[in-house]
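Participant: First the structure, then my questions, so here it is.
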Amino acid sequence: MKEQDMLVRPDPEDARLYQIVAGIDQNGAAVDAAIINERPLTIFLNGREIVTAMTIGDHPDYLALGYLLNQNMLRPDDEVRAVEYDAEIETVVVRTNRQTDYEEKLKKKIQTSGCAMGTVFGDVMEKFETVSLDTTARFHTSWLYALQKSINTMPSLYLKTGAIHGCVLCEQDRPLIYMEDVGRHNAMDKIAGYMFRHGLSSAGKSLYTTGRLTSEMVIKTVQMGIPVLLSRSGFTAWGVELARKAGLTLIGRAKGKRFVALAGAERIVFDADPASVLDEPGHLSRKGSRDDE
């Protein structure tokens, strides 16, 4: 799949998402810097306000749907009859045919480690405990190296502005959906919302994220039914514990030829010679590849 054939890819030329600000550099010389815009988006489920998230403002419909799905406020079999976005008042309303039980869920809301106001509800583990990931799925190291090269050099808001995270839904060695946002969990929710809206199956898929492999990212991946999660960043202890409990393949610190798998290593097929892969220097230029934030 060529870059232009991707279902969703970053649009670093979308002027709504960034602005140019004047400043000075280390030499005191005048510079113009592209910086990401950050704005609130309030999500409603039917007539109830659920949360206000800080986001870059693209794909509000997918963000709202994915957030509600990953918080178990929507079920995969729910019929959504409308998703209404009002840019002027920065709200999105998701309307369903089924009466939801979000009021009880709101009582259980707790703060998590996710940046940009990440939240998780006390009962998300109910679904996590029941998900069965595909034990026959395999993930080839040749796919990992190809994905790194494609994703890290693809034109993106990160390469233009920094201060942003990306999540990519992949199939074998091909990126399918690449979402960005100020919080990695927002980017993940956008992918979940797209998959729900378009009936895209999780079979044969993997997820790549630029951020840390935390408990929240593991929970969302498992709830989406995706058996492989990888990142160029590191792990948290609870993230690894949950991945092992769920049977999720968890690959981190993936930079150049190097990576570490701390869960689900039985899915990995070593079909590429690391010696044939160029390693990354310690500090990367945004013009050539991506550094974690």
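Participant: Calculate, for the chain, the solvent-accessible area per residue in square angstrom, rolling a 1.4 angstrom probe over the heavy atoms of the protein chains.
Facilitator: Accessible area per residue: 45 Å².
Participant: Percent of alpha carbon pairs in the range 141-293 separated by more than 26 Å?
Facilitator: Everything past 26 Å amounts to 18 percent.
Participant: Let me ask something else. At a threshold of 8 angstrom on Cα-Cα distance, excluding pairs fewer than six apart, so keeping six or more, what relative contact order does the chain reach in percent?
Facilitator: Relative contact order comes out at 18 percent.
Participant: What's the FRET efficiency of V31 with Q99 using the Cβ-Cβ distance as r and R₀ = 45 Å, to the nearest 0.05?
Facilitator: Taking R0 as 45 Å, the efficiency between V31 and Q99 is 0.25.
Participant: Ignoring ligands, DNA and RNA, what percent of the 1.4 Å accessible area of the chain is carbon and sulfur?
Facilitator: Carbon and sulfur together cover 50 percent of it.
Participant: Using a Gaussian network model on the chain with a 10 Å cutoff between Cα atoms, which of M179, M224, M195 fluctuates the most?
Facilitator: Between M179, M224, M195, it is M195 that shows the largest mean-square fluctuation.
Participant: Hey, what number do you get for the chain at 222 nm if only DSSP H runs of n ≥ 4 count, each worth -39500 (n - 2.57), divided across all residues, to the nearest 500?
Facilitator: For the chain, the value works out to -7500 deg cm²/dmol.
Participant: Pick from H185, H59, H165: which residue has the top mean-square fluctuation in a GNM of the chain where Cα pairs under 10 Å get a spring?
Facilitator: Judging by the Gaussian network model, the answer is H59.
Participant: Quick one: compute the contact order of the range 173-284, relative version, from alpha carbon pairs under 8 angstrom and 6+ residues apart, as a percent.
Facilitator: 17 percent
Participant: In nm, give the distance between the simple-model label positions of D273 and I24, each being 7 Å from the Cα along the Cα-to-Cβ direction.
Facilitator: For D273 paired with I24, the spin-label model returns 5.3 nm.
Participant: Here's something else I'd like to know. Taking the inverse of the average 1/r across all pairs of different Cα atoms in the range 169-245, what Kirkwood radius in Å do you get?
Facilitator: After inverting the mean inverse Cα-Cα distance, the result is 12.5 Å.
Participant: Moving on. Gaussian network model of the chain, Cα springs within a sub-10 Å range: biggest mean-square fluctuation belongs to which of V31, V222, V131?
Facilitator: Judging by the Gaussian network model, the answer is V31.
Participant: Further, regarding this structure: Take every Cα pair under 8 Å in the range 1-60 that's 6+ residues apart, average their separations, divide by the length, and report that relative contact order as a whole percent.
Facilitator: 23 percent
Participant: Strictly greater than 26 Å: what percent of every Cα pair in the chain meets that?
Facilitator: Within the chain, distances greater than 26 Å cover 43 percent of Cα pairs.
The values are calculated or read from the model by the stated rules, or taken from the named source; none is laboratory data. Remember, it's a predicted structure, so these values are computed and weren't measured experimentally. Here the Cβ is made from the backbone with ideal geometry for all residues, glycine too, and neighbour counts use every protein chain on show. Note: areas computed on protein heavy atoms with side chains; ligands, DNA, RNA excluded. Shrake-Rupley method; radii C 1.70, N 1.55, O 1.52, S 1.80 Å.
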